[in-house]
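Read through the structure below, which is laid out as C-alpha cells, and then see the notes.
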Amino acid sequence: MNGHELEKLYDYPADLDRAWVQANFVASADGAATVDGDSECLSGPADRSVLGLARDLADVIMVGVATAVSGAYQKIRVDPARRTARGLRPQPPIALVTNRCSLGPDSPQIADCPVPPVVITCRNAPRAAKRDLIAAGVDLVTVGEDTVDLRGALGALAERGLRRVDCEGGPTLFGGLISEDLIDALCLTVAPVVVGGLDGRIATHPLAAKSRPMALESVLQAEGSLFVKYHRLRDGGSW
C-alpha cells in the first residue's frame, strides 16, 4: 500500500461539523498496553510511521496529563509540509486533559510546546493553577465540576476548529471516552509479543463496562504486527 492509499485509509471524514475522535494505541497480542509501564517496547518502525501519519492528519492531539508527561509530548514531530498541503496548521496543538490542572506554566509540556497547548480542566481545579496557565498564554478550557466533562471538552475543541481529534490515551481518558460513547474510530497496533504480568489494558474506567459495537474497516500487516482500524457503529448500523 502506497503513502497516498495509507493516508486515505487513516484520514478523517470530510466536512466535519463536530469533533471526530480517532484513538490510536498499541497493545501486545495478549492485550497488554505496556510492559512494566512502558509502551515503547511494543512499538516498532511501522507502528511509529502509522502514529506519525495519524498526527499529521489531525487538528489536535488529545492526551491525559500523565500520558503527556511520560511520553514527552512537547517533543513530538510532525511533517509540516504534509499538513499544510492538506490545509492544516503546520503543527497541531496538544490538548492536555487534567482534573486538577496539575501542570505548571514552567513544565516542559507547557513551556516547551512549539505551539500553545490547550489545557482542559474542570471548575473545581485550583484557581491559582488555572490563573497561572492563562497568564502563560495557555488556552484554558473549563468543563465539568469535579472532573472534566469530556463531551463538553470535545465541543470546546470543535468551536476552535479542532475537529480532527487524535486521542492517544492514556487508558483512563480512553476509557472515559468509551463510557460516554465519544469514540468514532480506533486504530490499534497488535504487537507480536505476549506479556503476562499485571500490565493494564488500553482502556480503563471506574464506571461499569459498556459494550460499544465497532465495525472492522481494515487490517494491515508489517513487521509481524497487525494494524487494525475499527469505526463505531451508531444507531441503525451507520458510522
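The values are calculated or read from the model by the stated rules, or taken from the named source; none is laboratory data. Keep in mind it's a predicted model, so treat the numbers as computed, not measured. Glycine also receives a Cβ, built like all others from the backbone with ideal geometry; neighbour counts cover every protein chain displayed. Accessible surface areas use protein heavy atoms only, side chains included; no ligands, DNA or RNA. Shrake-Rupley method; radii C 1.70, N 1.55, O 1.52, S 1.80 Å.
Some points to look at:
- Residues within region 188-239 that are among the hydroxyl-bearing types (Ser, Thr, Tyr), within 15 Å of Ala27 (Cβ to Cβ) and in contact with a helix residue (DSSP H, G or I) (Cβ under 8 Å, 6 or more places away or on another chain), tallied: 3
- Residue count for region 55-68 under the criterion of being modelled with pLDDT under 95 and in contact with a Pro (Cβ under 7 Å, 6 or more places away or on another chain): the result is 0.
- If you go through region 157-194 and keep only what is part of a helix (DSSP H, G or I), buried (at least 21 other Cβ atoms within 10 Å of the Cβ) and aliphatic (A, V, I, L, M), you end up with Leu157, Leu173, Leu177, Ile178.
- A search for C-beta distances below 8 Å between a residue of region 141-164 that is on the phi > 0 side of the Ramachandran plot and any residue that is of a type outside the set (Val, Ile, Thr) and part of a loop (DSSP other than H, G, I, E, B), counting only pairs 6+ apart in sequence or on different chains, returns Gly144/Cys122; Gly144/Arg123; Gly161/Asp59.
- Test: residue in region 169-184 that is under 22 Å from Thr121 (Cβ atoms) and over 18 Å from the mean Cα position of the chain (by Cα): no
- Within region 1-16, the set of residues being outside any helix (DSSP H, G or I), charged (D, E, K, R) and in contact (Cβ under 8 Å) with a residue 12 or more places away in the chain comprises just one member, Asp11.
- Exactly one residue out of Arg127, Arg212 is open to solvent by 60 Å² or more (accessible area, probe 1.4 Å), modelled with pLDDT of 95 or more and not polar (S, T, N, Q), and it is Arg127.
- Pairs with Cβ under 8 Å, 6+ apart, first in region 171-183 and more than 15 Å from Ser211 (Cβ to Cβ) and free of Cβ contacts under 8 Å to residues at least 60 places away in the same chain, second open to solvent by less than 50 Å² (accessible area, probe 1.4 Å) and part of a helix (DSSP H, G or I): Gly176/Leu150
- Every pair of residues 6+ apart whose Cβ atoms lie under 9 Å, when the first sits in region 97-116 and is over 10 Å from Ala136 (Cβ atoms) and in contact (Cβ under 8 Å) with a residue 60 or more places away in the chain while the second is open to solvent by less than 60 Å² (accessible area, probe 1.4 Å) and assigned to a loop (DSSP other than H, G, I, E, B): Val97/Val148
- Scanning region 1-16 for residues that are over 19 Å from the mean Cα position of the chain (by Cα) and closer than 24 Å to Gly155 by Cβ yields Ala14, Asp15.
- Test: residue in region 69-87 that is modelled with pLDDT of 95 or more and closer than 20 Å to Phe174 by Cα: no
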